[in-house]
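Student: This is the structure I want to talk about, given as structure tokens.
Read-outs: derived from the displayed coordinates by stated rules, not from any lab. Since the model is a prediction, treat every value here as computed from it, not as a measurement. FYI the Cβ positions are ideal-geometry reconstructions off the backbone, even for glycines, and counts take in every protein chain you see.
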Amino acid sequence: MKGNARFLTLGLCAMILLSGVSLTNVFAADESMIIGTVHVAACNVGAVSLMTGPGEKYVIVNNDVGKALFKLDKTHVKASGIVGEDSDGNKTLTVTSYEIIQAVIRPPVSLRVVQPRD
């Protein structure tokens with residue numbers, strides 16, 4: 001009888017330990033910071049992306065913080081969140097926080113050939 005009680009106690013402790021390890025892996029997702037321009041798709045109501053470069057975008061997951069970005073079309077933001085991938089292979093961002101930033105505007109580069117004077 002005591003052998004069975006020890007076995008059950010040991011098994012229960014092992015299950016608790018393993019469940020704690022698996023929960024740690026679920027909640028240990030790293031946050032990333034993405035800087036880009038918010039783009040609200042005109043053809044797909046409710047679709048918002050964060051454009052980070054030519055052809056590079058993160059589809060914003062529709063959570064409470066992500067919904068706030070719907071009102072910020074063409075605004076430059078620094079967003080923090082969990083990066084993932086949807087079923088179509090698109091990068092996704094579950095936004096946990098964001099900050100509106102000033103766009104870095106670079107003056108146009110003009111090349112002018114200067115001829116030396118004689």
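Student: Can you list residues from other chains, or at least 5 along the same chain, whose modelled amide H is less than 5 Å from the amide H of GLY36?
Tutor: So GLY36 has HN proximity to VAL77, ALA79.
Student: Can you list the residues, at least 5 places off or on another chain, whose amide H is less than 5 Å from the amide H of ALA47, using H built in the peptide plane?
Tutor: Under 5 Å from the amide H of ALA47: ALA41.
Student: Summing Lys, Arg as +1 and Asp, Glu as -1, what charge do residues with Cβ under 10 Å from the Cβ of VAL59 carry, VAL59 excluded?
Tutor: Taking every Cβ under 10 Å from that of VAL59, the sum is -1.
Student: Given bins 10 angstrom wide, list per bin the percent of all Cα-Cα distances in region 32-100, short to long.
Tutor: Percent of Cα pairs in each bin: 23, 63, 14.
Student: Follow-up question, since we're still on this one. Apply the Karplus curve 6.51 cos²θ - 1.76 cosθ + 1.60, θ = phi - 60°, to the phi angles in region 68-82 and return the couplings in whole Hz, x for Gly and Pro.
Tutor: Karplus values, whole Hz, x for Gly and Pro: 5, 6, 4, 8, 10, 4, 6, 9, 8, 9, 10, 10, 10, x, 9.
Student: Moving to a separate point now. Kindly write out, for region 48-55 in residue order, the coupling ³J(HN,Hα) from the Karplus curve 6.51 cos²θ - 1.76 cosθ + 1.60 (θ = phi - 60°), rounded to whole Hz, with x marking Gly and Pro.
Tutor: Coupling constants for region 48-55: 10, 10, 10, 8, 10, x, x, x Hz.
Student: Moving on to the next point. Enumerate the lysines that LYS91 could reach by cross-link, defined here as Cα to Cα under 16 Å, with residues fewer than 8 away along the same chain left out.
Tutor: LYS57
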